[in-house]
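Novice: Got a structure for you, written out below as structure tokens; questions coming shortly.
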Amino acid sequence: MKSTFKYIFGFLIVVLAFSACEDKDKNPLNVFDLDNSKAPYVRIKLDQTIVAKGDLASSALSGTVDDASDNVASWELSVSIESGGVATDTVALTTVTQFPSDISIPYTDIAGALGLTVDDISGGDFIRFLGKSTGTDGTVTTVDNYSANVTGQPEQLQAFNFIVLVKCSTISDATVPGTWIIDMQDLYGDGWDGAFVTFEIDGVTTNYTFTAGDAATFNVDVPTGTSQLVISYTSGAFEEEHVFTIQTPDGDVRGPFGPNPSPCIN
């Protein structure tokens, strides 16, 4: 037994010695040498992440682009638009080679790059931007190189996958305070199948819908002193059945909207 143990012990010594010699021949990554292992990370601080549909013609994607580690040679920005869960093709938009840089790209130019006009963009759409950075060492980085806990957190200011939300415009062509009336119809007679109209009053939202029957009416009281009123529509199933009108406090009836109503009434 002692002899067997001696041979086993000797064998382990030889294996460890061989491994040690082999390690000397390697050039392992020094995880503490961070300056030589930093990814070409690009940050963007946007001036706004929400734009009203009515402001698209006069607004721009604007902000500051910076490379945190001073190791980025270029950053390429592409764009697509997502509407109702369907996305356009992604097209190239601009390239930045100086950091930090301020950018300002009119939404009219962004729509044009996609072969659209701003009138083709609706409330509820997402304008999605994808970035690709090339490091001074030639390393190329995209959103695929980062985990969701980086690209999914706005506080990271990451410039590889971010969105601007298009929202419906504020009501400005009618008396805002007072009673607004929503008249809803379902052409099949079984309610609105998950769809609803939203009144956003100074940032507070309330949804209106009905789940059975062929019609419903709601009175919405908008308080005096309200500074912002936004009215929008969110689709459900069987959109070809949904129709509604909106009556302002002045008695002006808008609509009918539908079948297949658009997200904004203004």
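Novice: Work out, step by step, the length gained on full extension between Ser147 and Thr90: first 0.36 nm times the residue separation, then minus their alpha carbon distance; give nm to one decimal.
Specialist: Here the answer is 18.4 nm.
Novice: Now a separate question. Roughly what would the spin-label model give for Ala174 and Arg254, points 7 Å off Cα along C-beta, in nm?
Specialist: 0.5
Novice: For region 178-257, with all protein chains present and a 1.4 Å probe, just round the carbon and sulfur fraction of the accessible area to a whole percent.
Specialist: 49
Novice: Let me spell out the model: positive unit charges on the Cβ of Lys and Arg, negative unit charges on the Cβ of Asp and Glu, origin at the Cα centre of the chain. What dipole size does that give, in debye rounded to 20?
Specialist: That gives a dipole near 1480 debye.
Novice: Work out the FRET efficiency for Gln98 and Thr49 from their Cβ-Cβ distance, taking R0 = 25 Å, and round it to the nearest 0.05.
Specialist: 0.55
Novice: Which values, in whole Å and largest first, are the semi-axes of the equivalent ellipsoid of region 178-257 obtained as the square root of 5 times each eigenvalue of the Cα gyration tensor?
Specialist: So the three semi-axes of region 178-257 are 23, 13, 10 Å.
Novice: Now for a different question. Report, to the nearest whole %, how much of the accessible area of region 37-167 belongs to carbon and sulfur atoms, 1.4 Å probe, protein only.
Specialist: Looking at region 37-167 in its full context, I get 46 percent from C and S.
Novice: A further question on this structure: Determine the calculated [θ] at 222 nm for the chain from helices alone, applying -39500 (n - 2.57) to every DSSP H run no shorter than 4 residues and normalising by the residue count; nearest 500 deg cm²/dmol.
Specialist: Per the formula, -4000 deg cm²/dmol.
Novice: What number comes out for accessible area per residue over region 178-257 if the probe is 1.4 Å? Units Å², please.
Specialist: 49
Novice: Sticking with this structure for a sec: For Lys167, give me every one of the aspartates and glutamates with a C-alpha distance below 18 angstrom, ignoring sequence neighbours fewer than eight places off in its own chain.
Specialist: Candidates past the 8-residue exclusion: Asp47, Asp55, Glu82, Asp119, Asp120, Asp125, Glu200, Asp202.
Novice: What is the pair-distance distribution P(r) of the chain, computed from all Cα-Cα distances in 5 Å bins starting at 0, with each bin given as a whole percent?
Specialist: 1, 5, 10, 12, 11, 10, 9, 8, 7, 5, 4, 3, 3, 2, 2, 2, 2, 1, 1, 0, 0
Novice: Excluding ligands, DNA and RNA, what is the solvent-accessible area per residue of region 37-167 at a probe of 1.4 Å, expressed in Å²?
Specialist: I get 49 Å² per residue for this part.
Novice: Relative contact order (percent) for the chain, with alpha-carbon contacts under 8 angstrom and 6 or more residues of separation?
Specialist: Worked out over the chain, it gives 16 percent.
Novice: Round to the nearest 10 and give me the degree value, 0 to 90, for the angle of helix 2-25's Cα axis relative to the longest principal axis of the chain.
Specialist: 60
The values are calculated or read from the model by the stated rules, or taken from the named source; none is laboratory data. All values reported here derive from a predicted model rather than from experimental measurement. Cβ coordinates were reconstructed from backbone atoms using ideal geometry, including for glycine residues, and neighbour counts include every protein chain displayed. Protein only, heavy atoms only, side chains kept; ligands, DNA and RNA dropped before computing areas. Shrake-Rupley method; radii C 1.70, N 1.55, O 1.52, S 1.80 Å.
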